[in-house]
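Down below is the structure, laid out as structure tokens.
The values are calculated or read from the model by the stated rules, or taken from the named source; none is laboratory data. No experiment lies behind these values; they were computed from the predicted model shown. Here the Cβ is made from the backbone with ideal geometry for all residues, glycine too, and neighbour counts use every protein chain on show.
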């Protein structure tokens with residue numbers, strides 16, 4: 001119209017695109033899909049853009065709906081065809097644990113970069129095979145341990161790395177849910193698809209990974225791994241009860257290679273707890289504490305701050321632009337949510353692919369996913385055999 005200042009914005013030119021194929025359209029498929037879609041918003045101007053080429057699932061009607069809902073160009077009902085697509089450079093495996101190994105190994109063999117959700121695999125042998133294949137591939141590989149990308153966790157990592165806590169001495173992590181407290185829920189053991197969905201891999205992997213990430217290598221463990229609901233229906237609505245082999249609770253004493261001692265626990269039968277992950281690190285000069293239910297906060301105590309107004313634990317609200325990862329989001333004081341962790345995790349994956357570098361130490365590699373599986377298996381062995389286990393003895 002005459003006198004209008006309107007000008008066409010034009011296309012976003014000169015930004016490389018990376019073809020992405022996602023396997024799985026459930027809970028994690030949704031989280032990852034939305035994480036990819038937020039890249040251009042959070043990381044502007046973008047260095048690289050994900051091209052959502054295809055999503056894959058066994059139910060054609062549902063996966064088609066998922067593709068439409070999240071803006072994929074198309075869909076597959078066979079993951080082998082997705083991996084064979086030459087335009088797909090990143091394969092993002094968001095399936096259940098029993099389907100983590102085979103597609104991920106096939107993708108690495110086909111020269112794709114791979115992100116696989118945790119646990120890396122339902123068995124230690126499969127996790128080891130995936131780690132070895134990733135090492136040999138030269139491709140970027142990540143395990144979906146997204147809590148590394150919580151701003152408060154990243155700040156905790158930076159504080160530990162700075163030496164402000166002094167010599168580290170103690171670590172504790174507790175991950176509590178009530179997801180399987182109902183004894184009428186079907187046994188995971190009743191179907192091959194239940195493999196690897198026990199609490200050690202499902203929740204314990206996060207607690208163990210944060211122990212590795214924040215403190216260091218775990219040398220020895222003593223574990224108690226149990227099923228408080230030992231028998232469950234064989235299937236939904238069935239009267240027959242069968243033994244449940246996928247554990248619902250795990251406790252472990254940890255001895256780190258650097259002399260730190262600690263404790264991890266995870267359960268899915270803690271009545272009233274929806275998703276509580278709490279960790280604390282104590283050092284000779286200070287301590288820090290994080291609670292996932294207070295995602296934007298980190299509690300810190302430093303002996304050096306003897307001003308009476310600073311003594312005791314300080315509650316740092318990590319919403320300033322100078323705090324880790326916050327420059328990509330909102331004005332100061334505006335909190336982030338759980339799903340923002342996937343935006344950061346996936347940006348890290350895309351950046352590593354674009355720059356030709358591996359995911360660590362910020363992101364969790366297949367090596368890190370394997371370490372979590374190794375400690376998890378050591379907890380099971382210790383519980384079953386009744387003695388302390390040297391983690392490396394299971395290599």
**OP:** Tell me, please, whether a residue that is in the same structural domain as residue 304 (by TED's automatic domain parsing), surrounded by fewer than 24 Cβ atoms within 10 Å (Cβ to Cβ) and part of a helix (DSSP H, G or I) can be found in the stretch 168-184.
**Re:** no
Original post:
When the stretch 384-395 is examined, which residues are found to be at pLDDT 95 or above and surrounded by fewer than 20 Cβ atoms within 10 Å (Cβ to Cβ)?
Top reply: 384, 385, 386, 387, 388, 390, 392, 393, 394
Subject >> Within the stretch 244-264, considering residues that are out of contact with any strand residue (DSSP E or B) (no Cβ under 6 Å at 6 or more places or on another chain) and closer than 18 Å to residue 380 by Cβ, the one surrounded by the fewest Cβ atoms within 10 Å (Cβ to Cβ) >> reply: 245
**OP:** Tell me which of these residue 336 doesn't satisfy, since it passes every other one: (1) more than 24 Å from residue 160 (Cα to Cα); (2) at pLDDT below 95; (3) surrounded by 14 or more Cβ atoms within 10 Å (Cβ to Cβ).
**Re:** (1)
**OP:** Taking the options 302, 379, name whichever one is assigned by TED's automatic domain parsing to the domain that holds residue 224 and buried (at least 22 other Cβ atoms within 10 Å of the Cβ).
**Re:** 379
**OP:** Mind listing whichever residues of the stretch 360-395 are under 16 Å from residue 214 (Cα atoms) and outside any helix (DSSP H, G or I)?
**Re:** 360, 361, 362, 363, 364, 365
Original post:
How many residues are under 13 Å from residue 368 (Cβ atoms) and part of a helix (DSSP H, G or I) if we restrict to the stretch 140-166?
Top reply: 3
**OP:** Find the strands (runs of 3 or more DSSP E) located wholly in the stretch 1-103 whose residues include 2 or more that are within 23 Å of residue 130 (Cα to Cα) and assigned by TED's automatic domain parsing to the domain that holds residue 142, and list them.
**Re:** 17-23, 49-56, 90-93
Original post:
On the given criteria, is residue 150 in contact (Cβ under 8 Å) with a residue 40 or more places away in the chain, buried (at least 23 other Cβ atoms within 10 Å of the Cβ), in contact with a helix residue (DSSP H, G or I) (Cβ under 7 Å, 6 or more places away or on another chain) and more than 21 Å from residue 24 (Cβ to Cβ)?
Top reply: yes
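Listed here are the residues, each with its yes/no results for (1) exposed (fewer than 15 other Cβ atoms within 10 Å of the Cβ); (2) closer than 29 Å to residue 331 by Cα.
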| site | (1), (2) |
| --- | --- |
| 33 | no, yes |
| 53 | no, no |
| 62 | yes, no |
| 72 | no, no |
Original post:
Tell me, which strands (runs of 3 or more DSSP E) wholly within the stretch 188-288 include 3 or more residues that are in contact with a helix residue (DSSP H, G or I) (Cβ under 7 Å, 6 or more places away or on another chain)?
Top reply: 218-226, 249-256, 261-267, 276-283
**OP:** Please find, among 120, 145, 108, 115, the residue that is without any contact (Cβ under 8 Å) to a residue 40 or more places away in the chain and buried (at least 23 other Cβ atoms within 10 Å of the Cβ).
**Re:** 108
**OP:** Report the residue count in the stretch 305-322 for those that are surrounded by fewer than 16 Cβ atoms within 10 Å (Cβ to Cβ), in contact with a strand residue (DSSP E or B) (Cβ under 9 Å, 6 or more places away or on another chain) and assigned to a loop (DSSP other than H, G, I, E, B).
**Re:** 5
